[in-house]
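The structure appears right after this line, and notes come after that.
The values are calculated or read from the model by the stated rules, or taken from the named source; none is laboratory data. Note that this is a predicted model, so its numbers are computed, not measured. Ideal geometry is used to build each Cβ from the backbone, glycine not excepted, and the neighbour counts take in all protein chains shown.
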Amino acid sequence: MPSAPSDWFWALAATDRPGGERGDLEVPIVLPTPAATRRWLHARGAGLSQRRRLAGAVIALVVLPLLTMVLAHVRAMVNLPSQTLLYLLAVVVVALVGGLVPAVVSAVAAAVLLDHYFIPPLYDFSVAEPTNVVALVAFVLVAGAASSVVGLAARRRQAESLAAAHAESREQLRGLAQEQAALRRVATLVAHGVPAADVFAAVAREVGGVLGADSTNIVRFGPDDSATVVASVGLRPEQVPVGTHWKPEPPMATAAVLRTGRPARADDYSEASGLAGDAVGRLGIRSGVAAPILVEGQVWGAINVGTQGRRFPADAEQRMADFTELVGTAIANAEGRAQLEESRDELRRLADEQAALRRVATLVARGVPAAEVFPAVAREVRHILGSAASNISRLDADGAITVLARVGEHQAELPVGSRWRPEPPLAVAAVLRTGRPARCEDYSGASGAFVDATVRPMGIRSSVAAPIVVEGRLWGVIVAGVLHGGFAPGTEERMAGFTELVGTAIANAEGRAQLEESRDELRRLAEEQAALRRVATLVARGVPPAEVLSAVAHEVGRVLCADGTGVARLDADGAITVCACVGDLPGELAVGSRWRPEPPQAVAVALRTGRPARNEDYRKDSGFPPLGIRSGVAVPIVVEGRLWGVISVGTRHGPFPADTEGRMSGFTELLGTAIANADGRAQLTASRVRIVAAADDARRGIERDLHDGTQQRLVALSLTLRVAQSTVPADLPWLQAQIGGVADELNDTIDELREIARGIHPAILSEGGLGPALRTLARRAAIPVELDIRTPNRAADPIEVAAYYVVSEALTNATKHAHASYARVAVEQRDTLLDLSIRDDGVGGADPAGGSGLIGLRDRVQALGGSIEVESPRGAGTAIVVVLPLQPE
Amino acid sequence: MLSCLIVDDNPRFLAAARDLLEREGVTVVGVASTSAEALQAVAALRPDVTLLDIDLGGESGFDLAARLHRDAGLTPSRVILISTHAEQDYAELIGASPVVGFVSKSALSADAIRDLLERDGDGECPLPINGPRGT
């Protein structure tokens, strides 16, 4: 059995090698040193150990005196041969214990003691009889021989026991080396950071191998003193699969470990019960050892080994401890790494979430329509939560919801735009009821129409829903569902970021829509106001009604987006005359055309009732001219309480908005005003002309009466007086003188009257026209007047009179007020206009508004529809420019 | 004796003028109140001078003067326009008319007529177009 020490030494070194190649971890392996080997060899060659030799000597020192004393006491009963044999026995004993050397010494000492105490002469070292000498020598020789034999035997036996001991220690060393290698392999795994599950499996394998266990498993203790199998090797590991969850109970060693936190063993599992009992029963495990796995001072779990044979060696716990330490380290490492991974995952998740939120926020901030934001949000939520499906729905007023966006595998079940009514236990229903996030962890046991029809076919196991709140009001809901497992805690909070963004997007969109709407409304109002203002400006400027009517038709058509707009006057016979027409309409409605509207035309109804009327759809009614007009609105035009006409709009498309009549009314009021104004103005103008003409006629009549009556009589009187004067006798000179005085006085009166008459009306104007009249004026002026008169024809009396008075008044001003030294008068007939200008070189400063003369001129000129402009800068002369229409309006 | 025809629509003036002129040695061969009468009288009476009122009711003395001149042929009657208006008022029309001159009615006298006729006989321009201001 023993073999050369070098063999197993090298064998050990060989088993060491593979581990050395694999690992980078230094694990001390205890190996015999060369010095120890030498000592062992020496001891083997020198025979018994020093200790045994010393023990032999001690035995000799104790036994020999003791034997001597005993024999001396019983000397009478024991003869010399017996005594010699007893001493021989003692020597053999010494030889058995101490080997040859102490035995030989003891043999000599025994011979001396025998000679001294028992061979006569007693108590003397001499020997009386020669036979006794022979006996002593024989005794020494026999003792020596016996000692030699016994010592040899002892040495042989010791050598055998040493060999056995060496064999055992070699086994131990091999086991130790295997154990070290196993530890190193495990340590390498730990150091490589392989998953804890792999480490557990490797440890279980190694421990099982090292301890020769039939079944090895590693369990993790739960907070409720339960144990979960994390690794299982050995016989039929499927009997105790990984993941098995059980509660350790005595007599299982694991239970003791759990209780004490220290290694424990159980020698008899025959009484074991429960899950573990069944398992050990099926596997035939009879005893086991369990060692705690400590992780950072806490009992994390245990390694269990079981055997079908007898109990494990006593050092099993110790040997398992080395592994449990490694397992502890591995677990601590793994947990640290897991935490690191977890925090890294958490960071990545957070970053993803932030990026997703940022993307959505960018969309929201860019004002992308909410309809585009919804799918983006659904996508992001699905991505962030890792859900199978996600959708966004709007809560309608009736409590149903409308799907606005969805992503994931529910194409057929919930199309966008579909409406449905969530019922418990759906998470959505809970959100709608509470206004708070909700979840349903497991739909597998749920029931309900929607669950049966949609949730289960989709394979959704659990879902989370979060409310979308817009300006404090529950607007809708985002929901995400997964097919397996559930959502992590905090999912609701993570969804909240998105729901807030969605809420903002919706609020923005609504605000924007309202803004757009009000902006449109404002723009519409502004356009309408501008149109009304333009018309009002025309009205105020007093442009002819025909122009106002046309402008109103244009503006109304534009403001109301009508295809056709018309303004018609109601004639006395009940027909209407088209006054203005805008749009793409056939010739029957051209300006000037007359026709008789009949119901159901809106125009006819409006004229009949005097109120706005509309026809939503002419297609229903036959008989209307085929204008392609589908619907129309007509509003009456009332002028000073009298129905004057109607304005109507038509469109080929849908009916006009409800406020159309109201909007048209603003224009019809303006039209009424314009027409009334125009009428009034025409009347006013006519009356002004009439007044001026009447005044002129009156003056002309006065002048004529003066001329034909008073003046003639006075002249006749004057002539008669002169005759009378000539008939007075020469001897009555005083009478002659008196009559002459009266005649002179009378002539002066005639002259005065003539001046007055001329002031009332210039006779020359009637007689000779404007040219001669103006030339007369010029001749009579106090300052030189340059005349430039180009009037080939006589103008109407009012025109000539006005022109005459303008020049007359201007020359009077130039002389009286402007102190001019020169004036220039130009009159030119130009087509239908008479241009008149009077310029002087006076002091200027005439006030066009002031001065009764100028105002009178202005009234006269304007009454004729003409214009007058007075430029009179101070110190730069005065220019009066008048334009008179030759044909009055 | 200077024969004279007076054309005026005012009978009161006709009477006064006739009376005055007769006394001053002018033979008033006739009077007329209308253009038609005047034309007949001139043709029949052949007066040396015709005193013609500018305002003949509705008719114009200037028109009548022109007709007298045109109808009378080579030896027209010499015409003196008369009026209650100032001469200056009608200066332009008077100048354009085939007449000897103008005498204001209130200044009518045989001397005034003779002066005008003599001045006309001298071939002088009877009146400046733009004469000095006066009645």
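Could you say whether any residue in the range A:153-176 is free of Cβ contacts under 8 Å to residues at least 40 places away in the same chain, aliphatic (A, V, I, L, M) and surrounded by 15 or more Cβ atoms within 10 Å (Cβ to Cβ)? No, the conditions are met nowhere in the range A:153-176. Among helices (runs of 4 or more DSSP H) entirely within the range A:747-824, having at least 2 residues that are of a type in the set (Ser, Thr, Tyr) singles out A:797-816. Does A:GLU325 fit the bill of being assigned to a helix (DSSP H, G or I) and either outside the structural domain of A:PRO263 (by TED's automatic domain parsing) or in contact (Cβ under 8 Å) with a residue 60 or more places away in the chain (or both)? So A:GLU325 fails the test. Taking the range B:8-38 as the search range and keeping residues that are part of a strand (DSSP E or B) and within 14 Å of another protein chain (Cβ to nearest Cβ), which one is surrounded by the most Cβ atoms within 10 Å (Cβ to Cβ)? Here the residue is B:VAL26. Beta carbons closer than 8 Å, at least 6 apart along the sequence or on distinct chains, pair a first residue in the range B:95-108 that is within 14 Å of another protein chain (Cβ to nearest Cβ) and more than 16 Å from B:ASP8 (Cα to Cα) with a second that is buried (at least 22 other Cβ atoms within 10 Å of the Cβ) and modelled with pLDDT of 85 or more for B:SER97/B:ALA65; B:SER97/B:VAL79; B:SER97/B:LEU81.
Would it be correct to say that A:ALA846 is modelled with pLDDT under 85, surrounded by 22 or more Cβ atoms within 10 Å (Cβ to Cβ) and over 19 Å from A:LEU770 (Cα atoms)? For A:ALA846, the condition - modelled with pLDDT under 85, surrounded by 22 or more Cβ atoms within 10 Å (Cβ to Cβ) and over 19 Å from A:LEU770 (Cα atoms) - is met. The set of residues in the range A:675-699 being closer than 18 Å to A:PRO545 by Cβ and among the polar types (S, T, N, Q) consists of A:ASN677, A:GLN683, A:THR685.
Considering only the range A:722-734, I want to know if a residue exists there that is closer than 23 Å to B:SER33 by Cβ and either acidic (Asp, Glu) or surrounded by 14 or more Cβ atoms within 10 Å (Cβ to Cβ) (or both). Within the range A:722-734, one or more residues are closer than 23 Å to B:SER33 by Cβ and either acidic (Asp, Glu) or surrounded by 14 or more Cβ atoms within 10 Å (Cβ to Cβ) (or both).
Pairs meeting the criteria (first residue in the range A:699-717 and more than 9 Å from chain B (Cβ to nearest Cβ), second residue not in a helix (DSSP H, G or I) and not charged (D, E, K, R), beta carbons under 8 Å, at least 6 apart or on different chains) are A:ARG699/A:HIS761; A:ARG700/A:HIS761; A:ILE702/A:HIS761; A:GLU703/A:HIS761.
If you filter the range B:39-49 down to residues that are within 25 Å of B:GLU118 (Cβ to Cβ) and not charged (D, E, K, R), you find that the one that is nearest to the other protein chains (Cβ to nearest Cβ) is B:VAL49.
Scan the range A:64-91 for residues that are buried (at least 20 other Cβ atoms within 10 Å of the Cβ) and among the β-branched types (Val, Ile, Thr) and the total you get is 3. Scanning the range A:758-800 for residues that are within 12 Å of another protein chain (Cβ to nearest Cβ) and in contact (Cβ under 8 Å) with a residue 60 or more places away in the chain yields A:HIS761, A:ALA763, A:SER766. Whether any residue in the range A:280-299 is touching a residue at least 12 places away in the same chain (Cβ under 8 Å), out of contact with any strand residue (DSSP E or B) (no Cβ under 9 Å at 6 or more places or on another chain), of a type outside the set (Lys, Arg) and within 30 Å of A:HIS192 (Cβ to Cβ) is what I want to check. Yes.
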